[in-house]
Ligand code: NAD
């Protein structure tokens with residue numbers, strides 16, 4: 001059997017590693033980066049943590065800081081204009097998943113013939129070409145985008161959050177420095193942490209799981225399970241922040257080489273239509289979707305419960321699976337995850353959009369990777385269950 005495994009060429013991890021940014025560029029033969037980041041990174045001064053080592057290394061950089069949460073095709077188009085305005089030789093995606101995904105999408109669009117649109121690359125298309133290499137530096141522990149072959153971009157004409165996949169979206173290198181996450185507020189810490197947990201869990205139960213992705217998924221869950229509450233309650237807990245950051249990157253490697261599944265498929269339409277942060281919409285769905293899927297892959301969900309640390313090594317699958325469901329509900333309570341209604345979503349708009357959201361979820365291909373494969377009716381029923389919390 002032929003298998004393949006993708007990952008960045010260089011993955012540097014550890015506290016203070018952002019100080020190596022200029023050395024990493026030099027190692028890769030790069031010297032003229034465009035830093036792609038968001039307005040908060042600039043206004044808070046956080047971007048200086050990257051710019052200072054670049055300056056010290058004598059590197060002349062440009063900055064594009066107009067990225068938005070849940071990046072849109074229009075922002076990507078302006079990013080490409082900024083990128084082509086100078087002789088840059090690489091992009092540095094610096095921030096959460098949104099700036100990193102923006103940099104990835106910019107390099108894909110810039111490699112395409114004039115007139116191409118981001119929607120030309122949505123799955124099942126393969127986005128394999130990139131105009132410039134991308135180096136990712138995550139500041140949330142989180143999306144794992146620094147290690148994945150995906151970028152997620154919203155089509156402003158259709159309000160669809162499109163999954164774009166291919167080697168063009170795979171960063172050349174990533175610098176993963178957990179010290180950058182000390183400033184992440186509790187709400188975002190919880191949302192991004194649940195996102196990572198969801199990546200690892202979905203990679204493990206996916207129909208596209210394989211022995212290599214399983215190792216990364218289980219390792220990620222062993223790191224995330226015992227530390228998610230700790231970073232939420234104590235943002236300065238360095239050991240917990242470090243474990244979460246490593247867990248997020250390993251979960252990224254896991255799902256990049258397996259896949260995500262039904263939670264992500266259903267989560268993207270909630271983000272696109274109601275602007276719920278990505279990790280939070282995952283969290284709203286995770287207990288209901290896991291309950292729906294449990295018996296279709298009970299041994300794998302039970303293994304996840306053991307890796308997260310809520311079931312004993314020798315505990316039977318039935319009992320371990322039940323404990324996983326209890327844990328996911330407990331996490332949502334303790335991390336104050338609101339129901340869609342409590343978040344402020346209008347009930348009539350939610351109900352009215354259910355057929356569209358179900359169609360968009362199915363269209364993304366992710367539900368087909370789920371252990372239990374739903375039809376549109378089943379997806380709408382799950383959205384209704386998630387509404388009740
Ligand atoms: P984000 O990048 O949108 O950032 C959320 C907020 O946190 C922003 O206001 C940002 O300024 C702030 N922030 C970031 N770092 C901070 C720090 N160190 N201190 C304080 N505040 C900080 O959020 P995210 O959850 O990291 O990324 C979500 C995006 O990633 C979504 O668009 C989602 O679809 C995408 N995503 C991509 C992949 C992939 O493989 N490409 C995987 C999962 C999610």
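Rule-based calculations on the coordinates, nothing more; no lab input. Note that the structure is predicted; figures quoted are calculated from it, not measured. Ideal geometry is used to build each Cβ from the backbone, glycine not excepted, and the neighbour counts take in all protein chains shown.
Key figures
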item	result
Residue with peak Gaussian network fluctuation, the chain [Cα springs, cutoff 10 Å], from 343, 301, 88	343
Between 0 and 90°, nearest 10: helix 278-293 axis offset from the chain longest Cα axis	30
Relative contact order for segment 187-388, counting Cα pairs under 8 Å that sit 6 or more residues apart, in percent	27
Along each principal axis, Cα extent of segment 52-139, largest first, Å	42, 26, 21
C-alpha long axis of helix 238-257 to longest principal axis of the chain, angle in °	90
Top of 271, 29, 144 by mean-square fluctuation, Gaussian network on the chain, Cα under 10 Å	29
All-pairs alpha carbon distance profile, segment 214-264, 5 Å steps from 0, percent	5, 24, 26, 20, 15, 8, 2
Mean separation of Cα contacts under 8 Å, 6 or more apart, over the residue count of segment 213-324: relative contact order %	26
Nitroxide proxy distance, nm - points 7 Å out along Cα→Cβ at residue 2 and residue 159	4.4
Over the chain: Rg over Rh, Cα atoms, Kirkwood Rh	0.95
Extension gain, residue 187 back to residue 123 (0.36 nm per residue minus Cα-Cα distance, nm)	20.0 nm
For segment 1-109, convex hull of alpha carbons as volume per residue, Å³	136
P(r) of segment 10-181 over all Cα-Cα pairs, binned every 5 Å from zero, in whole percent	1, 10, 20, 24, 22, 13, 7, 3, 0
Within a Gaussian network of the chain (alpha carbon springs, distance under 10 Å), most fluctuating of 203, 131, 220	131
Relative frequency of Cα-Cα separations exceeding 15 Å in segment 305-388, percent	69
Over the chain: helical MRE at 222 nm, DSSP H runs n ≥ 4 each giving -39500 (n - 2.57), nearest 500	-16000 deg cm²/dmol
Efficiency of FRET between residue 296 and residue 212 - r from beta-carbon atoms, R0 22 angstrom, step 0.05	0.50
Bins of 10 Å, starting at 0 and running to the largest distance - Cα pair percent for segment 236-383	11, 36, 38, 14, 1
Rounded to 10°, Cα long-axis angle of helix 186-205 versus longest principal axis of the chain	70
Value of relative contact order over the chain, rounded to a whole percent, pairs C-alpha under 8 Å and six or more apart	15
